[in-house]
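Taking it in order: structure first as structure tokens, then the write-up.
The values are calculated or read from the model by the stated rules, or taken from the named source; none is laboratory data. None of the values given here were measured: they were computed from a predicted structure. Glycine also receives a Cβ, built like all others from the backbone with ideal geometry; neighbour counts cover every protein chain displayed.
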Amino acid sequence: MKDQVYLLGASELSRLLRERKISSEEVTRAFIERTEQTEERIRAFISYDAEYSLAQARASDRRRSEGKTQGSLDGIPVGIKDLIAEKDQPLTCGSRFMEHFRSPYDATVIQKLRDQGAVLWGRLNLDEFAMGSSTEHSAFQVTHNPWNPDYVPGGSSGGSAAAVAAGQTPLALGSDTGGSIRQPAAFCGVCGLKPTYGRVSRYGLSAFASSLDQIGPLGRTVEDVALLLRAIAGHDGQDSSSLREEVPDTPSALREKLSPKRIGIPREYFAEGLEAEVRTAIESAIGFYRSRGHTIVELSLPHLDYAIPVYYVVATAEAASNLARFDGIRYTRRSAHRNAIDVYSRSRSEGFGPEVKRRIMLGTYVLSSGYYEAQYLRAQKVRTLIRQDFLEAFKSVDFLFTPTSPSTAFKIGDKSANPLAMYLSDIYTVSANLAGIPALSIPCGFSSRNLPIGLQLLGPFFSEKDLLQMAYAFESEHDFSSRQAPL
Ligand code: GLN
């Protein structure tokens with residue numbers, strides 16, 4: 001068993017630890033070794049410090065031997081998207097600007113993981129400041145899809161999804177502003193959840209678009225995602241947008257029998273642009289739910305067409321404001337010039353990559369005087385219409401099911417020179433962020449090229465437990481989550 005540890009999910013590992021069949025040090029070593037064997041082909045990590053992680057693992061083993069274990073994640077490695085602050089560890093945000101920066105404090109989610117004894121394991125690659133859908137916009141490296149190294153892992157949490165799919169970590173944290181957890185999860189054949197806006201504290205997450213950003217879990221199975229969600233969710237006084245909603249004990253609720261539900265299928269998500277193999281896989285997943293007694297209802301979310309333009313106005317406007325603090329004075333990268341204006345402008349032109357500059361320019365433009373009403377304000381109004389589409393739909397159905405992405409993973413290089421094509425790959429994911437509702441992606445099939453396909457499950461505010469229960473019902477009767485990437 002011990003040479004296959006990296007194939008096991010977090011809940012299985014947690015059971016073995018509890019039964020003393022394995023130690024956290026052995027578990028952590030197994031993932032470190034697996035990473036060393038595969039990382040040259042995957043490039044999921046920007047950095048890791050094996051000794052730092054092993055020290056946490058040994059501390060967990062000591063706690064266990066003293067009967068002081070903290071919870072189900074005690075001793076389990078969790079990889080962290082390199083956008084989430086972890087005290088004294090590098091925090092690059094995938095950017096040259098932050099290349100040599102170390103975080104002086106812990107994000108709330110990191111503090112929670114430490115409190116529960118999780119082993120913090122490695123800093124995972126991402127598109128610079130989480131802006132992208134392929135991880136090709138990382139300033140440091142391109143991450144490869146474990147299912148086929150010629151393909152992207154998705155983005156921006158591409159390192160997180162690829163590391164889980166490659167068996168380099170059982171769990172990872174990502175962040176999702178417009179799809180950055182769900183789309184890479186779909187492309188890499190793992191599970192990823194974007195929680196309700198406000199469910200998880202954003203304190204210590206480098207802000208991209210503050211009204212859309214959420215931190216969330218990625219794992220091989222629905223249960224693993226439920227475990228990690230429970231560990232990080234909850235109100236936090238450090239984040240004024242975090243909400244005082246009770247965190248349900250989702251992992252133990254997964255096996256409960258489901259009453260028949262009403263599942264909405266939004267017509268607009270099955271229109272032009274959807275790859276035939278993705279459509280087939282989604283339809284067969286829907287067929288499964290129908291055969292289990294759930295009611296399938298076709299309906300309309302009429303404002304889908306506006307989701308991409310609205311997202312790229314709102315997200316860039318917020319990004320331009322959030323990134324104004326990177327001035328070459330307060331953060332690491334500083335260009336050597338005498339005059340202050342030169343320091344600002346040179347530091348920014350040398351520190352930011354092309355995609356980030358594009359977003360800053362777009363965002364500055366839509367906020368500028370004379371354009372603000374026509375662009376930004378109008379986008380906010382349409383955002384309200386999109387949110388109302390969902391609220392309206394949830395009056396008649398419990399969930400909405402859609403593809404996570406219109407296609408399977410695309411080839412490295414295919415879209416990196418065409419920003420618009422890249423932006424359009426977010427068509428099915430951005431609305432959940434605009435509306436603030438939770439959304440989950442789970443593997444539901446494979447294409448003829450053996451690339452994974454993701455099913456997206458959307459629900460009303462704070463319906464994470466129900467979404468995970470629904471997903472669990474599918475997962476437990478299919479083998480998509482247990483298939484191994486051919487590494
Ligand atoms: N791909 C989207 C973008 O580029 C979403 C990114 C994200 O969710 N962080 O903005």
Residue in the stretch 215-225 that is surrounded by 24 or more Cβ atoms within 10 Å (Cβ to Cβ) and of a type in the set (Lys, Arg) present:
yes
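Here's the yes/no breakdown for (1) touching a Gly at 6+ places or on another chain (Cβ under 9 Å); (2) polar (S, T, N, Q); (3) at pLDDT 95 or above:
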position: 134; (1), (2), (3): yes, yes, yes
position: 138; (1), (2), (3): yes, yes, yes
position: 151; (1), (2), (3): no, no, yes
position: 173; (1), (2), (3): yes, no, yes
position: 176; (1), (2), (3): yes, no, yes
Anything in the stretch 244-292 that is part of a loop (DSSP other than H, G, I, E, B) and of a type in the set (Asp, Glu)? List them, or say none.
245, 246, 249, 256, 272, 275
In the stretch 199-227, which residue that is more than 16 Å from the ligand (Cβ to nearest atom) and touching a Gly at 6+ places or on another chain (Cβ under 6 Å) is farthest from residue 454 (Cα to Cα)?
224
Could you tell me which numbered condition residue 414 fails, if it satisfies all but one of (1) more than 19 Å from residue 161 (Cα to Cα); (2) surrounded by 21 or more Cβ atoms within 10 Å (Cβ to Cβ)?
(2)
Just the residues that are within 22 Å of residue 135 (Cβ to Cβ), out of contact with any strand residue (DSSP E or B) (no Cβ under 8 Å at 6 or more places or on another chain) and buried (at least 16 other Cβ atoms within 10 Å of the Cβ), please, taken from the stretch 33-65.
34, 38, 42, 43
Could you please give the count of residues in the stretch 430-459 that are more than 16 Å from the ligand (Cβ to nearest atom), in a loop (DSSP other than H, G, I, E, B) and either of a type in the set (Val, Ile, Thr) or over 21 Å from residue 262 (Cα atoms) (or both)?
5
Any residue at all in the stretch 101-112 that's on the phi > 0 side of the Ramachandran plot, in contact (Cβ under 8 Å) with a residue 24 or more places away in the chain and buried (at least 24 other Cβ atoms within 10 Å of the Cβ)?
no
Contact list, first residue from the stretch 301-322 and closer than 22 Å to residue 395 by Cβ, second anywhere and part of a helix (DSSP H, G or I) and within 13 Å of the ligand (Cβ to nearest atom), beta-carbon distance below 7 Å, six or more apart or interchain, is 304/431; 307/430; 307/431; 307/434
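Let's see how each residue does on (1) crowded, with 24+ Cβ neighbours inside 10 Å; (2) modelled with pLDDT under 95; (3) at positive phi:
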| residue | (1), (2), (3) |
| --- | --- |
| 432 | yes, no, no |
| 436 | no, no, yes |
| 441 | yes, no, no |
| 454 | yes, no, no |
| 469 | no, no, no |
| 478 | no, no, no |
Determine, yes or no, whether residue 446 is surrounded by 20 or more Cβ atoms within 10 Å (Cβ to Cβ), more than 18 Å from residue 306 (Cβ to Cβ) and more than 16 Å from the chain's Cα centre (by Cα).
no
Tell me, which helices (runs of 4 or more DSSP H) wholly within the stretch 101-198 include 2 or more residues that are of a type in the set (Lys, Arg) and more than 12 Å from the ligand (Cβ to nearest atom)?
108-115
Checking residue 249 against (1) touching a residue at least 40 places away in the same chain (Cβ under 8 Å); (2) loosely packed, with under 15 Cβ neighbours inside 10 Å, which single condition isn't satisfied?
(1)
Starting from residues that are out of contact with any helix residue (DSSP H, G or I) (no Cβ under 6 Å at 6 or more places or on another chain) and of a type in the set (A, V, I, L, M, F, W, C), keep the ones in the stretch 324-338 and report whichever is modelled with the highest pLDDT.
324
